[in-house]
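Report on the following structure.
Every number here is computed from the coordinates shown, using simple stated rules; none is lab data. Just so we're clear, the structure is a prediction, and the values are computed from it rather than from any experiment. Cβ placement follows ideal geometry from the backbone for every residue including glycine, while neighbour counts extend to all protein chains displayed.
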Amino acid sequence: MKVNESLGSFETVGYVAALAGADAALKTAEVRLLGCRYVGSGLVSVLLAGDVSSVKVAVEAGCAAAQQVGDLKWQTVIARTAEGLDLIVAESRKKGRQKTAPPEKSVSRRSSAEPRKRRSNSRRKKIPQLSQEELDGMRVIKLREVARLMPGLTLNRQQIRSARKDDLIAAITSYYRNEKE
């Protein structure tokens, strides 16, 4: 990147939106793609350089294309970059090469004819049978751990995460009653 050159950037949620945006930006105006970097938490930044008007048009086109495919979080155009900013961008590009995308999940290579193996019951954690006094003496964090072990509990995971102590104890005791029946 040259001193006094314009810098444009937009940030998307997801790589596909960033890719679509970068493609539209490069096709729309005479700009250079400085990089496409995975920032973290699903955010991907696209950096463009060129003259002011070209960068503005490219960023607008890139943002419009990215919004059609996914979510756009931020955009900016710096008309004339200050001296030294090129060092930050260059450093960012070096780091971007080390970590450009989230790690891919490994895909199992089994034939469709093979049945899936079921997990054995020995791997499952045992559901503790706790008395009312033990439940009353437990901290909320521990009660949430116990509640997550119980399949078919009246609370779902989201509700367990935000439930108060009384609600957790009531759900766990209700679970114990239903299991006895």
- request: Report the extension gain between V39 and D166 in nm, rounded to one decimal, defined as 0.36 nm multiplied by the number of residues separating them, less their alpha carbon distance.
  value: 41.7 nm
task: Can you pull the one-decimal nm distance between simple spin-label points at V16 and E83, each 7 Å off the Cα toward Cβ?
output: 4.6 nm
